[in-house]
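Just so you know, all these numbers are worked out from the coordinates, no wet-lab data involved. From a predicted model like this one, the values you see are computed outputs, not experimental measurements. Don't worry about glycine lacking a Cβ; one is built from the backbone with ideal geometry, like all the others, and counts go over all protein chains shown.
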Amino acid sequence: MISSDNAEGKDGIARHLEESADILDAIATRALTPKEICMALEISNQERLRWTKDGRLKTSGTLTFTTGRRVTVPTYSAHWVADLLKKNRMIDGWRKQDAA
């Protein structure tokens with residue numbers, strides 16, 4: 001256990017808090033792949049494609065890799081997805097809008 005009674009202990013606590021904040025920030029700002037966003041939002045890949053194309057799902061960038069050929073996939077902001085999950089009725093509204 002780190003003692004907070006001395007300066008060295010306080011520096012250690014501050015260092016651990018800063019490292020923890022950096023880790024949490026990295027998680028919150030990490031880009032999600034199409035598969036991850038489908039799982040997180042409980043949507044189909046067809047819905048993801050349609051909503052990305054018409055701008056309802058905002059991409060945060062792309063990820064490019066090579067597996068015999070060059071493949072580029074969109075990525076999505078984990079922070080934006082978390083905000084969307086707070087508005088859980090929005091996805092239902094999008095589905096109703098598509099069905100009309």
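Since only ILE43, LEU63, ALA78 are under comparison, the one whose Cα sits farthest along the positive direction of the charge dipole of the chain, derived from C-beta charges on Lys, Arg, Asp and Glu, is ILE43. Mean-square fluctuations from a GNM of the chain, with a 10 angstrom spring cutoff on Cα atoms, peak among ALA21, ALA78, ALA31 at ALA21. Please build a GNM for the chain, connecting alpha carbons under 10 Å apart, and tell me which residue among GLY68, GLY55, GLY12 fluctuates the most. With Cα springs under 10 Å in the chain, the top fluctuation among GLY68, GLY55, GLY12 is at GLY68. Using the alpha-carbon atoms, what tilt in degrees (0 to 90, nearest 10) does helix 89-99 show relative to the longest principal axis of the chain? It is inclined by approximately 10 degrees. In terms of the mean number of neighbouring beta-carbon atoms within 10 Å, the peptides 83-95, 34-46 order highest first as 34-46, 83-95. Size of the chain: Rg and Dmax of its alpha carbons, in Å, are 19.8, 66. FRET efficiency for the ALA40 to THR67 pair, using the beta carbon distance and R₀ = 25 Å, is estimated at 0.55.
Spatially close Lys pairs in the chain, defined by Cα atoms under 19 Å apart and a spacing of eight or more places or different chains, total 7.
Here the contact order of the chain, divided by its residue count and restricted to Cα pairs under 8 Å and six or more residues apart, works out to 24 percent.
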